[in-house]
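Everything below concerns the one structure shown next.
What follows draws every value from the coordinates through simple rules; no lab data is involved. Since we're looking at a predicted model, the values are computed, not measured. In this analysis, Cβ positions are derived from the backbone assuming ideal geometry, glycine residues included, and neighbour counts consider all displayed protein chains.
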């Protein structure tokens, strides 16, 4: 049953169909194909993550075989893309399916794909939804054609891991709640194999789970039941038998959970005025009730234990990615915006905002103003960041972002202008002061004046250095001249002494004669 799901998606989108979709979206065909190539592996990774638990695999199998998924979507795409209405409806259906499956909005994924590909956000939103519809459709067609059951779905998606791994990155996996790309790729295979093994060997449940008073079904009975229920394989495989003992245990567990919830609620209300106690009790309440939640009413105790162990390994893998725990408390940082415009008027924006919604507002404003590919943006999302109040004035800041040579830095309530934006004739300092209000501190950094001052200071320092060198050279020359004079005097003294010595020798010789 092995198949390359990415190739199935690409085969449903030949060049002519991609061109047809691009015309509806107002994009070049290459841009549309780039978005599909970036989004499809991430979507497959999201489905693969759903198959890491028993309940997730069941829910995904039911969604794929549901009426909302069109198994013939590949053949119908030319007709669907013949009108903008068809494109919109298919995209909306795909987004709803993905958000239902992932249990989260997929705007974050679309925005990340937009940032990584340079395609406008509104187009990546549409193409991502369409890719989701195609992905679900080709999976449904493949399962129906091969009479696949729920146990084969985790295996099928697990086989895609080598294909999608090279296309995954931390940006794509993080917005889908998968953690870091490397940690996800290394850990997901183990969980998916465990889930697949569970569905492939449902008879591994312990014998005490069956009521002794009830006779075991014969082989002929099982064969007849399987032949009768062949069209609904999924329902047969997912039925869990619960005898009277399981029901009794379920009642006890349910009653205990209800009493625990009531007691916890009363304790929270009583200690609401004591934050530290509330935090302490909250942490211990979660730790105490977690086993009860995981130990469901199923009679298959080993299966439940295996699922709990699998989820624990998944939590360990997620913690290995460096995810910040909820109890960690640090001071929130200021939202940041740095703008540098080159001489051609193309801006480069570096920003740090609190959430994906703020990032989308900034990206959409930049795309609407400059167009895709006409600006560079590096926008990070950090939930430990304060709200970006300056986003409310982003439309008024956009003209500055297209001024050649302009530079601007915003950190919290501090605004610093430099380059062309600091030119007094342009008046940006006064305009931003009036626009942002008294809560913001706007200052202008005159780079020309600062450069002139630095040049003047450097020249002064150079002059002082040259004077010091000249003084040192003069002193050195004086020392050399004094040494030369001293050497001359010494030489004269030696000559005088030699002359006196010769005279004495001559006098001595004369006296001897």
* Two-site label geometry, residue 485 and residue 383: point separation in nm, points 7 Å out along Cα→Cβ -> 8.6 nm
* residue 193 versus residue 355: modelled label distance in nm, points set 7 Å from Cα along the beta carbon direction -> 4.0 nm
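Using the beta-carbon distance between residue 89 and residue 425 and R0 = 45 Å, what value does 1/(1 + (r/R0)^6) give for FRET efficiency, to the nearest 0.05?
Details: r = 53 Å, r/R0 = 1.18.
For R0 = 45 Å, the calculated efficiency reads 0.25.
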* To do: For region 73-102 and region 370-405, compute the distance between their C-alpha centroids and round to whole Å.
  => 32 Å
* **Simple spin-label estimate for residue 75 and residue 7 in nanometres, 7 Å along Cα-Cβ** => 2.2 nm
* What FRET efficiency would be calculated for the residue pair residue 477, residue 433, taking the C-beta separation as r and a Förster radius of 56 Å, to the nearest 0.05? -> 0.40
* Asked: Of the listed peptides 337-345, 430-438, what is their order by residue-averaged count of other C-beta atoms within 10 Å, with the highest listed first?
  -> 337-345, 430-438
